[in-house]
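The values are calculated or read from the model by the stated rules, or taken from the named source; none is laboratory data. Source: prediction; values computed, not measured. Heads up, the Cβs are rebuilt from the backbone with ideal geometry, glycines too, and the neighbour counts pull from every protein chain shown.
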Amino acid sequence: MAIITLTTDFGLKDHFVGALKGTIYRELADATIVDISHQVSPFNIQECAYILENSYKSFPDGTIHIVGVDSEPTPENQHIAVLVDGHYFISANNGVISLITSEKQPEKVVQVNIPNPIHGSFPVMDVFVQVACHIARGGTLEVVGRPFNQLRELREFTPTVTDNGNKIIGSVIYIDNYGNVVTNIHKNFFEAYRKGRSFEIQARSTKVSRIHNKYSDIINFELDKSQRKGAGDLLALFNSASYIELAIYKSDLNTVGGASTLLGLDYRDTVTISFD
């Protein structure tokens, strides 16, 4: 039996997640359900896309991913099912799988068209679960939908280059549990324009001129502890997803604050890299 994952902005206070799982178990008693996250900020497609792109590859091929963010169908927000990189994604056509399809060409894309759909306020349970269970039983996408070639993309994931290649203008796409700020500037994109040059990262009035590969790289262990950088200091690094991230070493967003609060950064705020 295939694994079914859930990524939503439902939170955990209400009944939605429990009802969703109960409906799956009613259809497939031996289903394996994995919660990726139910704490996506409400209707935040960019945040959801980042979480999906960095989690789905940890699952085996054939995994079915239900994405319940901004899922109410409209003429411009169709329900779709996509087979890409060996995984199935069931979501609304709101750009939520843009990060995945920008790197991998989808094998199949259909607009969901199941018989006698329930047109209610909970389409993730009423429609997405039906599609997921159909696939889990070995069914094909052609049975639940018709070919579709109008996948939406999120332009926010693509940084721009100005000043004849001497400047990258990116933006904040994700803020994690520690308050670390993730930009849309990927390591490969950065290196393609850097070409060995020195650089300066600017976020509001803060400037950084070095990028680390892990958080503890900020510490020079050859120095006496009184002279080292450490907890509470700002750093930039290529995170586990290879995006440039701004972080406060060993920060706590709920007490001393994180990079997002201390630098005053929020979603879509600008982060600029200038090359010398």
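Details
- Among residues of segment 128-147, those that are in a helix (DSSP H, G or I) and more than 16 Å from residue 28 (Cβ to Cβ), counted: 3
- Taken over segment 172-186, the criterion of being among the aromatic types (Phe, Trp, Tyr) and under 14 Å from the mean Cα position of the chain (by Cα) is satisfied by 174 alone.
- Among (1) farther than 17 Å from residue 186 by Cα; (2) of a type outside the set (Ser, Thr, Tyr); (3) touching a Pro at 6+ places or on another chain (Cβ under 9 Å) - the single one residue 273 does not satisfy: (1)
- Apart from one condition, residue 84 fits all of (1) within 25 Å of residue 242 (Cα to Cα); (2) modelled with pLDDT under 95; the exception is (2).
- Screening the candidates 168, 175 for the property of being more than 30 Å from residue 80 (Cα to Cα) and touching a helix residue (DSSP H, G or I) at 6+ places or on another chain (Cβ under 8 Å) yields one hit, 168.
- Of all the listed residues (90, 100), the sole one being in contact with a Phe, Trp or Tyr (Cβ under 6 Å, 6 or more places away or on another chain), crowded, with 20+ Cβ neighbours inside 10 Å and under 24 Å from residue 1 (Cβ atoms) is 90.
- Count of residues meeting criterion [in contact (Cβ under 8 Å) with a residue 24 or more places away in the chain and of a type in the set (Gly, Ala, Ser)] in segment 13-42: 4
- Count of residues meeting criterion [touching a helix residue (DSSP H, G or I) at 6+ places or on another chain (Cβ under 8 Å) and part of a loop (DSSP other than H, G, I, E, B)] in segment 49-77: 6
- Pairs, first over 12 Å from residue 81 (Cα atoms) and free of Cβ contacts under 8 Å to residues at least 40 places away in the same chain in segment 123-144, second assigned to a loop (DSSP other than H, G, I, E, B) and among the basic types (Lys, Arg), C-beta under 6 Å, six or more apart: none
- Test: residue in segment 2-23 that is outside any strand (DSSP E or B), under 19 Å from residue 150 (Cα atoms) and either outside the structural domain of residue 241 (by TED's automatic domain parsing) or in contact with a helix residue (DSSP H, G or I) (Cβ under 9 Å, 6 or more places away or on another chain) (or both): no
- Scope segment 215-258; condition under 15 Å from residue 176 (Cβ atoms), touching a strand residue (DSSP E or B) at 6+ places or on another chain (Cβ under 9 Å) and assigned to a strand (DSSP E or B); matching residues: 235, 236, 237, 238, 243, 244, 245, 246, 247, 248, 257
- In segment 243-266, residue nearest to the chain's Cα centre (by Cα) [restricted to those that are among the charged types (D, E, K, R) and surrounded by fewer than 18 Cβ atoms within 10 Å (Cβ to Cβ)]: 266
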